[in-house]
1. Restricting attention to the range 1-50, report how many residues are in contact with a strand residue (DSSP E or B) (Cβ under 8 Å, 6 or more places away or on another chain), at pLDDT below 85, part of a loop (DSSP other than H, G, I, E, B) and of a type in the set (D, E, K, R).
2. Do we find that Leu494 is in a helix (DSSP H, G or I), touching a residue at least 40 places away in the same chain (Cβ under 8 Å) and either touching a Pro at 6+ places or on another chain (Cβ under 6 Å) or open to solvent by less than 30 Å² (accessible area, probe 1.4 Å) (or both) in this structure?
3. Can you pull out the residues in the range 69-110 that are assigned to a loop (DSSP other than H, G, I, E, B) and touching a helix residue (DSSP H, G or I) at 6+ places or on another chain (Cβ under 6 Å)?
4. Just give me the residues in the range 147-162 being open to solvent by less than 70 Å² (accessible area, probe 1.4 Å) and more than 13 Å from Tyr186 (Cα to Cα), in sequence order.
5. Considering only residues that are touching a residue at least 60 places away in the same chain (Cβ under 8 Å), polar (S, T, N, Q) and open to solvent by 50 Å² or more (accessible area, probe 1.4 Å), which ones fall in the range 234-257?
6. Look through the range 198-233, keep the residues that are modelled with pLDDT of 95 or more and either among the basic types (Lys, Arg) or surrounded by fewer than 17 Cβ atoms within 10 Å (Cβ to Cβ) (or both), and return whichever of them is nearest to Ile130 (Cα to Cα).
7. Can you say whether Cys483 is touching a residue at least 12 places away in the same chain (Cβ under 8 Å) and either in a strand (DSSP E or B) or buried (at least 20 other Cβ atoms within 10 Å of the Cβ) (or both), as far as the supplied structure shows?
8. Could you tell me how many of the residues in the range 374-388 are crowded, with 20+ Cβ neighbours inside 10 Å, closer than 26 Å to Ser491 by Cβ and touching a Phe, Trp or Tyr at 6+ places or on another chain (Cβ under 7 Å)?
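The values are calculated or read from the model by the stated rules, or taken from the named source; none is laboratory data. These numbers come from a predicted model, not from an experiment. Please note: Cβ atoms are built from the backbone with ideal geometry, for glycine as well, and neighbour counts cover all protein chains shown. SASA here: full protein model, heavy atoms, side chains in, ligands and nucleic acids out. Shrake-Rupley method; radii C 1.70, N 1.55, O 1.52, S 1.80 Å.
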Amino acid sequence: MARSRNTDVPASLAGYYYQLLLAAKELSRLLIIEGVQDHDGVGIEKGADIRVFFGNGTSIEAKFYSNKHFTRNHTSIRHTIYNFYLDFMKQDPAGLPTRKYVYSTNVPLHPDDHSFFDSWPRSGTGHESIYATYIRDCIVQESVLSDGRSKENYKTFKAGLADQDLKEWQYVEKLLHHLQHCPSDYAKYGYSATHEQLERFLKHIQFHFSAKWVPKCETISSIISDIQASLQAYNSSLQPTDCRQIALHLVDALFATTVKTDFPYVRIRHAKEIIAHHKEHLRNYLLEEKLKEAMEAIEEEIEMLEDFLAHHYKGTRGAEILETFLQFIELFYEELEQSEKTIDEFIQTYCLSQHGNTVKNVTSLFRPMSILSVYMNLNAKEVKLAGLPGIENFKFDGWESLCLKDASGCYHRDQVIRKFIVHSLDQAAKIDARKPIVLHTPHRPCALEKKALEGIVMNITQVEENERYFHLYSSLTYRCTFCLREQDSDSCMLEDVLHFVKGVCS
């Protein structure tokens, strides 16, 4: 099955790093703007927003993809407009100053849509009706997917149609066609702005597309060059190597705002301190080599899966497997952004090994979980990685939560069990014996006979409270990912997935 990827992981570390670099670019730009105060600055908000705390404020959504071009109807643009609209509708009725909303991406526009965005109404161009319809349709298409009331109204609308055997996009088209003739119904599907509010909203949106398609590394290099130019304009004595170091220090400081709730943004005063003492400054979170390694690991994982789907897989669900895998990676970095843990600490929650763990240890777990999700028709968008009880760290909506651990470094099934017991003994009180332990390994520890399992547990738990530990670890349900491996046909994978679900290793 040949398939070319038309979108990178929106929140992969590559995209996340891109977002942080854009924020650092805005921060360095503030240094040379007249009238900026020391308490002004830049922060990163949930939902991929970069917020500039200066004047009326600016909200930037940074998107990083491998697409050769975007059309006006790309989901990334539509979803960003929806996010901007939600923020605007909180600000405007309260009489707060309207922010500047900026959509920034490394992807160029399709030639057919250049004139559409070039003519965007920023000061009244006489074309507002075209853009009003575009904005309303973007809001509706996103609302019926995410807003509870809009989803229910959309469900009712579909139920009232004569044709009940349409694809989802056809239902949406029928709804948009209906709204063009009954604009008073827009409020039922998430859009409620007045004409005056819409005019204000339109005039405050900007789109920054790349002039041409460029590789990721070149895009990131160009942002760093912009940061260097601003830093040297602020302090002409700074050398390129100094600017590179300062850029990474700024990225680290911005990342800290996403894991520390008491520092919502990086102030200009802090940026100036970093520049003044950059040779002694220590980065606490993001190290250049760690970022580079993680970005490359993500790319390698995606390329390996794509290669398998293109050259070895003969089934019909390859696109779903790939998209599900990408969604899991996106979720991982969203959780990382919101977590108070460092990257290493977050990775450790998915690994049995105490040393040398990387992002790849975690993303390799998502391959079998993608297969489970697709063949059991589980919703990949409703997965939880955090906030789960005990030692569980992965949960599908409507499915039991799992303790998912990478055990790929183990040499034998007995060793896998021993490693898990040693790894989790200090958390034994948190283990729910009813929840399965899923170990990423080809050694099939789930095939161990009860007597052999009890022997392993006895040898490991000969410590105080031995009896309690023995009963706990002997009664746990151990599963492996052997039955969730990639195979060349749908029938083979489905058969093994059912073995996994039933707890009978193939």
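1. 0
2. Here the answer is no, as Leu494 does not meet what is asked.
3. Thr71, Arg72, Asp92, Thr98, Asn106
4. Residues satisfying the conditions are Asp147, Gly148, Lys158, Gly160, Leu161.
5. None; the set is empty.
6. Filtering the range 198-233 for residues that are modelled with pLDDT of 95 or more and either among the basic types (Lys, Arg) or surrounded by fewer than 17 Cβ atoms within 10 Å (Cβ to Cβ) (or both), the one nearest to Ile130 (Cα to Cα) comes out as Ala229.
7. Criteria met by Cys483.
8. So the answer is 2.
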